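Laboratory data are not the source of any read-out in this text; all were calculated from the coordinates shown. Computed from a predicted structure; not experimentally measured. Positions of Cβ are generated from backbone atoms using ideal geometry, with glycine treated the same way; all protein chains shown enter the neighbour counts.
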Amino acid sequence: MPEDLIIVGAGGFGREAVDVAEAMRSADGTPTWNVLGVADDRPSEPNLTRLSARGLRYLGTTSDVLAGAMSAYVVGIGSPATRRDLVGLFDRQGWSAAVLVHPAASLGTEVMLGPGTVICAGARLTTNIRLGQHVHVNPNATIGHDTTLGDFVSVNPAASISGDCTVEDGVLIGVQGVVLNRLTVGTDALVGAAACVTSDVAPGTTVVGVPARTIRAGVSA
Ligand SMILES: CC(C)(COP(=O)(O)OP(=O)(O)OC[C@H]1O[C@@H](n2cnc3c(N)ncnc32)[C@H](O)[C@@H]1OP(=O)(O)O)[C@@H](O)C(=O)NCCC(=O)NCCS
């Protein structure tokens with residue numbers, strides 16, 4: 001019997017998260033999730049049109065949803081900070097977050113996923129990897145052996161985090177960003193698109209380029 005699920009976020013990643021949920025099946029072929037619809041506090045007109053074109057219900061704001069019946073939920077919003085704020089609202093009311101893993105992703109041995117995590121098609125996680133809560137791993141991203149990701153980390157499409165890395169809470173790794181092995185990316189740091197991180201990244205800094213250089217200090221992700 002599929003379990004009811006609400007996705008928060010009508011934007012691109014929210015609708016990608018719906019695709020992940022809808023692709024999931026139990027061993028006998030039964031859909032894992034019954035997607036009730038999508039909540040968003042400020043949906044744009046184009047995104048409302050996209051929801052309806054896809055046959056998805058707009059369920060109202062997060063307050064509307066929190067006032068209704070409890071179900072599983074996932075926050076499908078790429079910004080780590082926004083995601084953290086919204087999750088706080090759901091946590092305070094005792095809601096439980098789902099874990100969504102696309103069947104076309106591959107997970108090796110000893111991979112631990114926290115609640116609220118979304119793993120998209122083509123993502124590859126090898127062995128002995130820990131992901132905290134509400135982590136997003138976008139299409140074709142790779143995460144190497146013995147690496148740890150904290151809570152609210154976003155790994156954007158085709159980014160590559162090597163082995164033995166530590167990516168702390170609230171980090172965003174931009175599309176095609178690379179983190180070389182045994183490095184730490186500090187809390188709330190942002191690795192720019194296509195950057196190659198060759199040394200530890202201090203908390204709250206934004207780094208870009210090859211090799212990655214700091215362009216901004218202070219909380220950024
Ligand atoms: C790094 C990033 C956060 C900077 O964004 P920003 O704060 O708006 O910065 P700006 O666009 O004002 O750029 C500041 C400078 O950095 C440069 N820059 C920005 N992003 C860069 C990148 N990824 N690589 C190299 N240089 C970059 C800009 O050219 C600019 O240089 P200049 O001062 O010489 O003109 C952003 O460009 C980025 O890469 N985000 C990743 C997001 C992502 O993955 N998106 C895909 C979602 S699926």
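Helix 80-92 versus the longest principal axis of the chain: what angle, 0 to 90°, nearest 10, using Cα atoms?
Roughly 50 degrees between the two axes.
Pull out the extension gain between residue 106 and residue 85, defined as 0.36 nm times the separation in residues minus the alpha carbon to alpha carbon distance; nm, one decimal. Working shown, then result.
Values: separation 21, 0.36 × 21 = 7.56 nm, distance 2.95 nm.
The span from residue 106 to residue 85 would gain 4.6 nm if fully extended.
Give me the net charge for the shell around residue 147: Cβ to Cβ below 13 angstrom, other residues only, Lys and Arg +1, Asp and Glu -1. Intermediate results must be reported in sequence, preceding the final value.
Numbers: positive: 124, 130, 182; negative: 110, 146, 164, 168.
Overall, the nearby charge balance is -1.
Over the chain, what is the relative contact order in whole percent, taking alpha-carbon pairs under 8 Å and six or more residues apart? Spell out each step's value before the answer.
Details: 653 pairs, mean separation 25.5, N = 221.
Result for the chain is 12 percent.
For 168, 16, 3, what's the fewest-to-most ordering of other Cβ within 10 Å of each Cβ? Let's see the in-between values first.
Working: 168 20, 16 23, 3 12.
Lowest count first: 3, 168, 16.
Tell me the net charge near residue 188. Cut-off is 15 Å between Cβ atoms, residue 188 excluded, with +1 for each Lys or Arg and -1 for each Asp or Glu. Please list the in-between numbers first.
On the way: positive: 83, 84, 216; negative: 85, 151, 168, 169, 200.
Overall, the nearby charge balance is -2.
Could you give the distance between the Cα centres of segment 149-168 and segment 177-211, to the whole Å?
10
Pick from 82, 109, 32: which residue has the top mean-square fluctuation in a GNM of the chain where Cα pairs under 10 Å get a spring?
Highest fluctuation among the options: 109.
Using only Cα atoms, what is the ratio of the radius of gyration of segment 100-216 to 2.2 N^0.38 Å?
In units of the globular-protein estimate, segment 100-216 measures up at 0.93.
Among DSSP beta bridges whose residues both lie in the chain, state the antiparallel percentage, nearest 5. The partial results should precede the final answer.
Values: 4 of 48 bridges.
Here the share of antiparallel DSSP bridges comes out near 10 percent.
Ranked from highest to lowest mean number of other Cβ atoms within 10 Å per residue, what is the order of the peptides 85-93, 146-154? Walk me through the numbers on the way to the answer.
On the way: 85-93: 15.0, 146-154: 24.0.
Order by mean packing, descending: 146-154, 85-93.
Over the alpha carbons of the chain, what is the largest minus smallest coordinate on each principal axis, giving the biggest first in Å?
Principal axes ranked by extent give 46, 38, 32 Å for the Cα atoms.
I'd like the Karplus ³J(HN,Hα) series for segment 115-128: coefficients 6.51, -1.76, 1.60, θ = phi - 60°, whole numbers in Hz, and an x wherever there's a Gly or Pro.
x, x, 6, 10, 10, 8, 4, x, 5, 10, 10, 8, 10, 6
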